[in-house]
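The values are calculated or read from the model by the stated rules, or taken from the named source; none is laboratory data. Since the model is a prediction, treat every value here as computed from it, not as a measurement. Cβ coordinates were reconstructed from backbone atoms using ideal geometry, including for glycine residues, and neighbour counts include every protein chain displayed. For the accessible areas, the whole protein counts, side chains as well, though only heavy atoms, and no ligand, DNA or RNA atoms are used. Shrake-Rupley method; radii C 1.70, N 1.55, O 1.52, S 1.80 Å.
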Amino acid sequence: MAESRLASMLHSVSGPQTTRSEADAHFAGLPRRRVILGGLVLGAAAPLLAACGSRPAPVRQLDLGPAPVWPAGTILPRRVDIQAVSTSELARGTAIAYRMDDTDPFTRRSYRDSRWAAPLSTLLGDRLKQLNARAVLATGAEPLPAVAILVEVEDCLQRFSSPTQSEVTLRVGASTGRQRRLFEASAPAGGDAEGGARAMAQVLDRLGVEMLAWAASLSPSTGKA
């Protein structure tokens, strides 16, 4: 009688007793669910973490470098006025174009991580005007009327013969009065966009001097030599 009363008191204090098998059944699935849910959360976060880790590098903004220097020994008989510089459809925008002549000569591509800092017509026009401003004029040329010209960049392309070797080709047309002339030249450009930009500056400076010398030899009124 006393033993049964003691057992009843212990039962009321400790509450209902759960058997070991029931506890095992209750808790067995809990860690598994947590693992599954944790895996789902990590799986959902993985693309975000990957996106943060693979964020693309900033696009490089390239231009044509320092202002050009007028070559010694070249003297213009009169001043030249560059009225406008335009570009054909092939050379518009800020994309730096190239072609893989060794593997895919029929596809025109553009660099993904490098761009011109401004439209190509702006960069080329500004450099040509800087070059023209530094031109050396013959004695007595200053009072003479200037020859006005219009310049059109027909094409500008970096062509790769191998992954590490390329050359830049620039084709520019100049017109004044009834005369129009096409100027074209190439220069080694290495294996990247920066090499292409440097080569572009070299080619443009060379063609610019030729173009200004040609225009300065023409008559301002008729555009004829």
### Message
Looking at segment 99-116, I want the residues that are under 21 Å from Gln61 (Cβ atoms) and have a partner that is among the basic types (Lys, Arg) and open to solvent by 60 Å² or more (accessible area, probe 1.4 Å) with Cβ atoms under 8 Å, at least 6 apart or on another chain. Which pairs are those?
### Response
Asp113/Arg60; Ser114/Arg60; Arg115/Arg60
### Total residues in segment 94-139, condition within 28 Å of Val69 (Cβ to Cβ) and of a type in the set (Asp, Glu)
1
### Task
Among the residues of segment 48-74, write down those that are more than 30 Å from Ala193 (Cβ to Cβ) and either out of contact with any helix residue (DSSP H, G or I) (no Cβ under 9 Å at 6 or more places or on another chain) or modelled with pLDDT under 90 (or both).
Leu48, Leu49, Ala72, Gly73
### Task
Scan (1) assigned to a strand (DSSP E or B); (2) within 19 Å of Asn132 (Cβ to Cβ); (3) open to solvent by 10 Å² or more (accessible area, probe 1.4 Å) for the single condition Gly173 breaks and write down its number.
(3)
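Within segment 73-164, which strands (runs of 3 or more DSSP E) (wholly inside it) include 1 or more residues that are open to solvent by 50 Å² or more (accessible area, probe 1.4 Å) and closer than 30 Å to Ser219 by Cβ? Give the steps one after another, and end with the answer.
Working: elements: 80-87, 95-100, 104-116, 147-162.
By residue number, 80-87, 147-162.
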### Message
So the check is Cβ under 9 Å with 6+ separation or different chains; which pairs have a first residue in segment 187-213 that's on the phi > 0 side of the Ramachandran plot and a second one that's among the aliphatic types (A, V, I, L, M) and open to solvent by less than 40 Å² (accessible area, probe 1.4 Å)?
### Response
Gly190/Ala199
